[in-house]
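Rule-based calculations on the coordinates, nothing more; no lab input. All values reported here derive from a predicted model rather than from experimental measurement. Methodologically, a virtual Cβ is constructed for each residue, glycine included, from the backbone with ideal geometry; neighbour enumeration extends over all protein chains shown.
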Amino acid sequence: MRIIVCLKEVPGRDTRYEVSPDGRWIKDSDVSFEISECDEYALEEALKLQEKHGGEVVLLTLGTERAEKLMRKGLAMGAEKGILILDPTNQITSPLAAATAFAQVLKNEQYDLVLAGTQSDDFGYAQTGVMLAELLNVPHATIVMQVSVDPAARRLQALREMESGWFQKVEMPFPAVLTIQAGISQIRFTPLKGILMAKKKEIRRVELSSLGINVAEIPRVEVERIYFPEATRKAEILQGNAETVAASLLEKLRKEARIL
């Protein structure tokens, strides 16, 4: 069984962020980067399936040369090899563009499963995995909390997390795309031996320009402004007797606060 795991590089969750001078993103010169949380759980699930059923885990990432660091971590955890789509000028700005680039690479790869995180830590679009499945024309399931596979029958079962505490079990054939929810399992500790071995594992680089994608024709997502919420204080004293104040408070909770 061959499993492809899509990873995304995001600013570290424990980093103190500063808004860039143009107000459209954060200052990334002093920011540490890491694997997006849901993607790391997707990798852990892939490694568990590999340990149980055999096969190979391959990482797929889109970004600059800096993304090699997170790929090395994934290789240290147990993946066999990686594919890095190089986008040095950050032309890919939307989930559709990312999914299109991934699909172009995967059309030339053999795979049984593609695992990705449900959503990324930075933008949280939760669309890339779904769009990738559509472009590959394979079945998919989202917000997956549990996976069981039958390699001989080339089928899988996935447990999806729904609203209000409900779950849904779906079954589908290989190949398929699953987006994995955070918390599906316990992320393994990266051993020193794995870190040393990761340095020797292959990361194949693919130039974005070689994929035959006209990025200009793909809808873009532009960030107009990023900012920290402004702290404000506002108090209002309601006048009148108890009945009048209660009626006024109820009206404000309904129409202004919209919590009733």
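Give the distance, in whole Å, between the Cα centre of the stretch 117-132 and the Cα centre of the stretch 3-45.
13
List the trypsin sites (Lys or Arg not before Pro) within the stretch 221-260 that fall in a DSSP loop (any state other than H, G, I, E or B) and whose Cβ has at most 15 other Cβ atoms within 10 Å.
Sites meeting the loop and neighbour criteria: Arg225, Arg233, Lys234, Arg258.
How large is ³J(HN,Hα) for each residue in the stretch 161-168, as worked out from phi by the Karplus curve 6.51 cos²θ - 1.76 cosθ + 1.60 (θ = phi - 60°), to whole Hz, x for Gly and Pro?
Ordered by residue, 3J(HN,Hα) equals 8, 9, 7, 6, x, 8, 10, 10 Hz.
Send over the semi-axes of the stretch 1-51's equivalent ellipsoid, whole angstrom and largest first, taken as the square roots of 5 times the C-alpha gyration tensor eigenvalues.
Computed over the stretch 1-51, the values are 31, 10, 7 Å.
Once you list every other residue whose beta carbon is under 15 Å from the beta carbon of Leu135, what net charge do they have if Lys and Arg are +1 and Asp and Glu are -1?
-2
What FRET efficiency comes out for Glu18 versus Ile259 if R0 is 30 angstrom and r is the Cβ-Cβ distance? Round to the nearest 0.05.
Calculated transfer efficiency: 0.35.
Filter the trypsin sites (Lys or Arg not before Pro) in the stretch 169-198 to those in DSSP coil with at most 15 other Cβ atoms within 10 Å of their Cβ, and list the result.
Sites meeting the loop and neighbour criteria: Arg188.
Excluding same-chain residues fewer than 8 positions from Lys201, which lysines have a Cα within less than 24 Å of its Cα?
Straight-line reach from Lys201, under 24 Å: Lys8, Lys48, Lys52, Lys69, Lys73, Lys81, Lys107, Lys193.
Let me know the Kirkwood hydrodynamic radius for the chain, please, with Cα pairs as the basis and the value in Å to one decimal.
In the chain this quantity evaluates to 20.5 Å.
Write down the percent of antiparallel bridges among all DSSP beta bridges whose residues are both part of the stretch 76-232, to the nearest 5.
Roughly 50 percent of the DSSP beta bridges within the stretch 76-232 come out antiparallel.
Given points 7 Å out from each Cα along the Cα-Cβ axis, report the Gln146 to Arg205 separation in nanometres with one decimal.
It works out to 4.4 nm between the two label points.
With a point put 7 Å past each Cα toward its Cβ, work out how far Ser185 is from Ala247 in nm, to one decimal.
Those two pseudo-labels are separated by 6.2 nm.
In degrees, nearest 10, range 0 to 90: what is the angle between the Cα axis of helix 95-106 and the longest Cα principal axis of the chain?
10
Relative to the first principal axis of the alpha-carbon coordinates of the chain, what is the inclination of helix 37-53, with its axis defined by its Cα atoms, in degrees from 0 to 90 and to the nearest 10?
40
In whole Hz, with x marking every Gly and Pro, tabulate ³J(HN,Hα) for the stretch 61-78 from phi via Karplus 6.51 cos²θ - 1.76 cosθ + 1.60, θ = phi - 60°.
9, 10, x, 8, 4, 4, 5, 4, 4, 5, 5, 4, 5, x, 5, 5, 5, x
May I ask you to compute the full-extension gain from Val223 to Tyr125, defined as 0.36 nm times their residue separation minus their alpha-carbon distance, rounded to one decimal in nm?
Result: 34.0 nm gained on full extension.
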